[in-house]
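Visitor: Got a structure here, written out as structure tokens. Questions coming.
Where a number appears in this text, it was derived from the coordinates with a stated rule and is not lab data. Predicted model, so just to flag it, every value in this text is computed and none were measured. Note that we place each Cβ from the backbone using ideal geometry, even for glycine, and neighbour counts take in every protein chain shown.
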Amino acid sequence: MNVTIARLTMATLFGHRRGLLLFILPGVLLALCILLALTVDDSPGFSAALLQMFGLAVIVPLVSLVAATGALASEIDDGSIVYLLSKPIKRSSIILTKAVVAIAVIFVLAALPMTVAGLILDHSDPRTAVAFGIGSLVAGIAYTGIFLALSVISGNAVTIGLIYALLWEGVMGQYVDGAKALSIQQWSLAVIQKLTDSPHVESAVKLPIATLLLIAVVAVGLGLAIARLRSLVLSTAE
């Protein structure tokens, strides 16, 4: 990990207007949970359902999208990535550093708020709240691999990522049986299901398969991002 690149990435993430979304999104989640906790009678499965259908399916992928694309796509768009590419820095170091920064942001602004949201909705079941926090971080790591790859492959990474996050993860991954097997949301739910004894948390994918798929997505995503960044150097030199 390169500390200088990490500092520059943090400045890029929180130095643009899109950085406000990183605070607004978890704020909306927590505000909604507080409102519902005060106005809705608790019922079995209500907390788990809200955390999954809104937190895990909407907030986590959107925070991950802003964090991962903001860490790299914005520098490619404004041309400042040329500064890094002109330095004798391994391209793998650039990608991995940006991935670490994005994951750290996801941990603070997605995984922790999910845990707090779970405690707000049902303070009597901290185990489930922590499980959703861990599952959100796992999902965020997988999303980081995908969105970093998109950032260097396409100039429309944010648009493509937004369509993927809202349509595939937010809708298809919840309600279409065939699509569930290819949903990061469902893979992370397998981890959550393993960590909690709540009968209301159920994944469409078994944990061993989900684990392999999560690892594969991260490895392939980061590998593609590194390979594409190397080709950008060649294109610039030409």
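Visitor: Would you mind calculating the relative contact order of the chain from Cα pairs under 8 angstrom and at least 6 residues apart, reporting the percent as a whole number?
Guide: 24 percent
Visitor: Full-extension gain between Ser231 and Val171, please, as 0.36 nm times their residue separation minus the C-alpha to C-alpha distance.
Guide: Stretched out fully, the Ser231 to Val171 stretch lengthens by 18.1 nm.
Visitor: Between segment 88-129 and segment 15-63, how far is it from one alpha carbon centroid to the other, in angstrom?
Guide: If you average the Cα positions of each part, the centres end up 14 Å apart.
Visitor: In which sequence would Met53, Met172, Met1, Met114 go, from the one with the fewest C-beta neighbours within 10 Å to the one with the most?
Guide: By the 10 Å Cβ count, ascending, the order reads Met1, Met53, Met172, Met114.
Visitor: Let me ask something additional. At 37 °C and 0.692 mPa s, grab the translational diffusion coefficient of segment 3-237 from Stokes-Einstein with a Kirkwood Rh over Cα pairs, rounded to a whole number in µm² per second.
Guide: Translational D for this selection: 182 µm²/s.
Visitor: For segment 37-179, with only Lys/Arg (+1) and Asp/Glu (-1) charged at the beta-carbon, what is the dipole magnitude about the Cα centre, in debye rounded to 20?
Guide: 700 debye
Visitor: Most mobile of Pro88, Pro126, Pro113 per a Gaussian network model of the chain (Cα springs, under 10 Å)?
Guide: Maximum among the listed residues: Pro88.
Visitor: Filter the chain for me: DSSP H helices, axial length by Cα at least 27 angstrom, mean Kyte-Doolittle hydropathy not below 0.0. List them by residue number.
Guide: Taking the DSSP H segments of the chain (at least 27 Å long, mean hydropathy at least 0.0), we get 126-153, 207-237.
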